[in-house]
Amino acid sequence: MSKSLENIVPLRQAVAKFGADPLRLGVLATAELNQDTDFSPSLATTIQERLVNLIQQSRKLGRKKTGRATYSILDRWMLSRLNASVQSATAAMERLRVREVVNIVLYHLENDAAWYQRRLGPKKAKGDARNHVLRQVFDLKARILAPLAPHVAEEMWAALGNKGLVAKAEWPKPNDKLADRIAEASESMIKDTLEDTSEILKATGLTPKRITYFVAGPWKWQIYQKALNMAVQSQTDQGSFIRDVMSEPELRSIGKPAADFASKSIRQATQMKEELRKSRVGLELKEMKILEDAMDFFSREFKAEIQVGQEGEKRVSDPKDRARSAEPYRPAIFIE
């Protein structure tokens, strides 16, 4: 850096241009302690915009009544992600990894909150708990930002209707009761289904009038769970697993499809990341209900009629026999 290259910004000018908090976060966000920072005016400007947005949203939430709330599975997902952010930010702060904390509160948690609001849609239904949940999200952001961006944190704290100073408030504590494996897995399935549908539409160039999702039959869930359990125990011999599956009369009666799916399941379970594998062991989702609850969301996203059916049932028309390709966590998709 040198004055001749004009890449030095005097501190007074930087504070006047970006503000103290965006400047501070702009420095902290580029390097951990004992590392050379790489200040970027464009990053400082982006952070400035994000902080202004946080204050504006806090003011909106502060003017809205929350009342008592009954949480949907989507609300539980957001609260579970919130709890995960508390755990990650606390662990990072204890190690003085401040850059990591900035990323958690300004990016990871912000992305989760944006997805949550996208899923909910613009219309507020009766009993909608979004304001109650979002207040908790912004309350947490203010507490975490307090030592990093104190001016913005105090502005958010007051806008939300809290009394006193956030600087005197406690650092947020993790709450194990908010961790929700089912909600996390359910929302992950919705995201993957959205992505799979988008990829099909992109590849085919279709403009959908109706999209039908078919969830896997119970027998596939039975095999899938057996595969996960075997993989966790490091018992991954494909031949032994298939023989074990086909030794059960109910599965043997299905014949070759059961044997083929057993082969595929044990292979997938073996190749799966350990963290994901352990998170799915013993977890059987009610995929029909999950997709039915998300029908309005998919309809908004794709501007099409949405149907949900199950493999082996005839409630929904399946002229191309797409249902047979359904797998746990990955519904089959038929686009008309």
ask   = Based on Cα positions only, what radius of gyration and what Dmax would you give for region 237-304, in angstroms?
value = 16.7, 47
query = Per residue of the chain, what 222 nm ellipticity follows from adding -39500 (n - 2.57) for every DSSP H run with n ≥ 4, rounded to the nearest 500?
reply = -18000 deg cm²/dmol
key: Förster radius 56 Å - calculated FRET efficiency between GLN35 and ASP260 (Cβ-Cβ, nearest 0.05)   = 0.60
request  = Just need log10 I(q)/I(0) for region 18-113 at q = 0.13, 0.15, 0.16, 0.21 Å⁻¹, Debye formula, equal scatterers on the alpha-carbon atoms, no solvent, rounded to two decimals.
outcome  = -0.57, -0.73, -0.80, -1.14
inquiry  = Per residue, how large is the accessible surface of region 247-336? Use a 1.4 angstrom probe and give square angstrom.
reply    = 60 Å²
task = Using Cα centres only, tell me the gap between region 305-334 and region 113-186 in whole Å.
result = 37 Å
task = Could you list, in their original order, any pairs among LYS202/LYS320; LYS124/LYS177; LYS123/LYS202; LYS220/LYS289 whose Cα atoms are separated by more than 24 Å?
result = LYS124/LYS177; LYS123/LYS202
ask   = Hey, can you rank 149-162, 265-278 by average C-beta count inside 10 Å, highest first?
value = 149-162, 265-278
query = Hey, what's the Cα Rg ratio for region 208-336 versus the globular rule of thumb, 2.2 N^0.38 Å?
reply = 1.14
task = Along Cα→Cβ, 7 Å out, is where each label goes; now give me the distance between the ones at THR66 and ARG97 in nm to one decimal.
result = 2.9 nm
ask   = Taking the simple approach of a point 7 Å from Cα along Cα-to-Cβ for both ILE200 and GLN233, what is their distance in nm?
value = 3.6 nm
note = Order by accessible surface, 1.4 Å probe, largest leading, for residues LEU148, LEU33 comes to LEU33, LEU148
key: Beta bridges by DSSP in the chain, antiparallel share as percent, to the nearest 5   = 45 percent
request  = Run through every distinct alpha carbon pair of region 68-155 and return the Kirkwood hydrodynamic radius in angstroms, one decimal place.
outcome  = 13.7 Å
message = Could you tell me the relative contact order of region 44-199? Use alpha-carbon pairs under 8 Å, at least six residues apart, and round to a whole percent.
response = 36 percent
ask   = Convex hull volume of the Cα atoms in region 142-185, per residue, in Å³?
value = 106 Å³
query = How high is the relative contact order of the chain, in percent, counting Cα pairs under 8 Å that sit 6 or more residues apart?
reply = 18 percent
note = Over region 1-155, with neighbouring protein chains present, the accessible area per residue in Å² at probe 1.4 Å is 56 Å²
ask   = Relative contact order for region 204-336: what is it in percent, counting Cα pairs under 8 Å that are at least 6 residues apart?
value = 47 percent
task = Alpha carbons only, please: Rg and Dmax for the chain, in angstrom.
result = 24.5, 81
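The values are calculated or read from the model by the stated rules, or taken from the named source; none is laboratory data. A quick note: this is a predicted structure, and the numbers were derived from the prediction, not measured. Please note: Cβ atoms are built from the backbone with ideal geometry, for glycine as well, and neighbour counts cover all protein chains shown. With ligands, DNA and RNA removed, areas are computed over all heavy atoms of the protein, side chains included. Shrake-Rupley method; radii C 1.70, N 1.55, O 1.52, S 1.80 Å.
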